[in-house]
Amino acid sequence: MNLEEYKQRTARREYIAAGSEAHELMTQAAHEAQKIMAEINGGYHTPEELRVLFSRLIGQEVDENFVLFPPFYTDFGKNITLGKSVFINSGCCFQDQGGIEIGDGCLIGHQVVLATLNHDLTPESRGSMLPAPIKIGKNVWIGAHATLLSGVTVGDNAVIAAGALVTKDVPKNAVVGGIPAKIIKMIENAK
């Protein structure tokens, strides 16, 4: 199995059995991601150097306006897609095996968690996984310590309050907060 086949399977939310080809690919990608993250998190880098390292991590070139404040953590790396002018603050954890798409102009706060996998609930199959992508629209602001769970889509211009646990889709122009996150208000005059 190659990376593109894996991405297609996870986009379809196909079950990943422990020990399968897909699971082995995940393990290989995790080792590669660990090496690059050690470099990212191991010392000071200029913004340009961080863009090069992050491009290597995700396997595609990031926009010249991409900004990352390390440390950053991921256990796969190759299933992250970024739009233009994305900002990722320090301490974020992206579990991207199931796929993460982040739109143009997004601001990701300190220690945000994006989790795209669930393990099988059956104890004897607990090592197997169920992937579901997280899709974040344009100009979304995700506050510090927020967590987005697998399968969630966040609409354009939405705001996720600090500490929120997002378990369901968020409509465009909505402000959500709480555990689980609920709509607090809508942003008026948003384009």
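The values are calculated or read from the model by the stated rules, or taken from the named source; none is laboratory data. Source: prediction; values computed, not measured. Every residue, glycine as well, gets a Cβ built from its backbone with ideal geometry; the counts of neighbours run over all protein chains shown. In case anyone asks, the SASA skips ligands and DNA or RNA and just uses the protein heavy atoms, side chains included. Shrake-Rupley method; radii C 1.70, N 1.55, O 1.52, S 1.80 Å.
Over 22 Å between Cα atoms, which of K135/K172; K84/K172; K78/K135; K84/K168; K7/K182; K7/K172 qualify?
Numbers: K135/K172 12 Å; K84/K172 19 Å; K78/K135 15 Å; K84/K168 25 Å; K7/K182 30 Å; K7/K172 26 Å.
Beyond 22 Å: K84/K168; K7/K182; K7/K172.
What is the extension gain from K35 to N2, computed as 0.36 nm multiplied by their sequence separation minus the C-alpha to C-alpha distance, in nm to one decimal?
On the way: separation 33, 0.36 × 33 = 11.88 nm, distance 2.01 nm.
Length difference between fully extended and current span is 9.9 nm.
Pick from E101, E32, E124: which residue has the top mean-square fluctuation in a GNM of the chain where Cα pairs under 10 Å get a spring?
Of E101, E32, E124, the most mobile in the Gaussian network model is E124.
Given Cα pairs under 8 Å that are at least 6 residues apart, what percent is the relative contact order of segment 64-191?
In percent, rounded to a whole number, it is 16.
Specify the residue with the greatest mean-square fluctuation among A132, A38, A30, computed from a Gaussian network of the chain linking alpha-carbon atoms under 10 Å apart.
Answer for the Gaussian network model of the chain: A38.
I'd like to verify something in the chain: which complete DSSP H helices, judged by Cα projection on the helix axis, reach 27 Å or more and average at least -1.0 on the Kyte-Doolittle scale?
Numbers: long enough: 21-41 (29 Å, -0.47).
What comes out of the filter, once short or polar helices are dropped, is 21-41.
With Cα Rg over 2.2 N^0.38 Å in mind, check [x] 1.01; [y] 0.96; [z] 1.30 and report the label derived from this structure.
[x]
So, with a 1.4 angstrom probe, what is the percent of accessible area on segment 1-159 that is carbon and sulfur? Walk me through the intermediate numbers first.
Details: 3950 of 7470 Å².
With neighbouring chains kept in place, the figure for segment 1-159 is 53 percent.
Got a sec? Which residues in segment 1-36 would a label at H119 touch, if it sits 7 Å along Cα→Cβ and we count backbone N under 20 Å?
14-31
Return, ordered by residue number, the residues of segment 54-71 whose backbone nitrogen is under 17 Å from a label point located 7 Å along Cα→Cβ of H110.
Inside the label zone: 68-71.
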